[in-house]
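The values are calculated or read from the model by the stated rules, or taken from the named source; none is laboratory data. Every value quoted in this text rests on a predicted model; they were computed, and no experiment measured them. No Cβ is skipped: glycine too gets one built from the backbone with ideal geometry, and neighbour counts run over all protein chains shown. The area values use the complete protein model at the heavy-atom level, side chains included, leaving out ligands, DNA and RNA. Shrake-Rupley method; radii C 1.70, N 1.55, O 1.52, S 1.80 Å.
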Amino acid sequence: MLGLLPYQRRLLRRDARFTWNCWARQTGKSYTLSLRRVMRGMRRRQTQLFLSAGMRQTHELMLKVRQHCHLLNIEASEVKGEGSDKLQASATQIRLPGGVRLIGLPAKPETIRGFTGDVLLDEFTMHQDDRAIWAAIFPTILRGRGELDVASTPKGKDNLFYNLRKNLMFARSTVSLPQAIEQGLEIDIETLRQAMGCDELFRQEFLCEFLDESQAFLPYRVIAACEDGAIEKHPDWPGLERTADEDEHRERVDLYAGIDVARKRDFTVIWLWRRQAAPAEMSPEVRRRNWSLRCAGVIEMGNAPFAEQQEAIRRVLGLRNVRRC
């Protein structure tokens, strides 16, 4: 069946109304669960709702949905989003034969309201405000005996996904990376472990272990609330160098940089911020009070020699408009 591995086929054949799926990274979790929802949507003639952490992740998930429709030879047409809410109106919607709709939404409590159908919560531990989302989806699935698939990789214990593991209403499946490899997944696990360089993160991401956050300075839910998948990770070097030239521009754009240095276990990160001045028509006094910082780029270097890191830092400091680092 579409070249699927045994653990993927088992999930597709499962007839449970509610499923809880704790799968390691790189095991085909989103691919398999989205295929399950497309197939069951066609069988049940029911609208399918796909919720992922943000708009970018939702678009990636819906790319998999389109691929499933193509491989299954299902006639699919894309339609514009519907609904009074701005986020609902921007939703990705695919219409299938029999009136079945496949709708991709960013995981926010307000986006799910007003829809009815089966639901996939993809990477649920990454959803901000997971409890509010949980409260919002149940009216969605109550009509027509709606189905719910919850899938994620572990991320600490202070979240709903961890609590759901003991909910007897849910059929459960756990697939660690070693289990997936035993069933035919082709990945060099030792190379992956050594390259990652952090046993704790490896156990969480690939062995499906829920790690205790009691020793963490910042709980995962606090970090997740600050995450933004749309951050630009590739600085526009030509643009930054042009804005440093006061001869070309009447007003210099000030830059600020923060650097967190690592060597093996973690990333070295250089974060650039651009100071946005207030409009020129404002008085000097008002302009001094009205400014903001915008992200100008994030540079990540994993397991990079110090010489390589120093070269990247030199390039940042070489920009004449860097005011502080």
The range 190-208: number of residues that are of a type in the set (A, V, I, L, M), surrounded by 13 or more Cβ atoms within 10 Å (Cβ to Cβ) and farther than 17 Å from Lys29 by Cβ: 2
When the range 309-319 is checked residue by residue, the ones that are surrounded by 13 or more Cβ atoms within 10 Å (Cβ to Cβ) and either within 13 Å of Trp237 (Cβ to Cβ) or among the basic types (Lys, Arg) (or both) are Ala312, Arg315, Val316, Leu319
Among the numbered criteria (1) surrounded by 15 or more Cβ atoms within 10 Å (Cβ to Cβ); (2) in contact (Cβ under 8 Å) with a residue 60 or more places away in the chain, which one does Arg274 miss? (2)
Please state which of the following conditions Thr153 fails to meet, knowing it meets all the rest: (1) open to solvent by 40 Å² or more (accessible area, probe 1.4 Å); (2) of a type in the set (S, T, N, Q); (3) closer than 21 Å to Ala53 by Cβ. (1)
Please go through the range 233-251 and give me each residue that is open to solvent by 70 Å² or more (accessible area, probe 1.4 Å) and at pLDDT 70 or above, ordered by number. Lys233, His234, Asp236, Pro238, Glu241, Arg242
By my count, helices (runs of 4 or more DSSP H) wholly in the range 154-206 with at least 3 residues that are without any contact (Cβ under 8 Å) to a residue 12 or more places away in the chain and not aromatic (Phe, Trp, Tyr) are 189-196
Looking only at strands (runs of 3 or more DSSP E) that lie completely in the range 14-80, which have at least 1 residues being farther than 19 Å from Thr116 by Cβ, open to solvent by less than 70 Å² (accessible area, probe 1.4 Å) and among the hydrophobic types (A, V, I, L, M, F, W, C)? 18-23
The one condition in (1) of a type in the set (A, V, I, L, M, F, W, C); (2) surrounded by 15 or more Cβ atoms within 10 Å (Cβ to Cβ); (3) not in a strand (DSSP E or B) that Val269 fails to fulfil: (3)
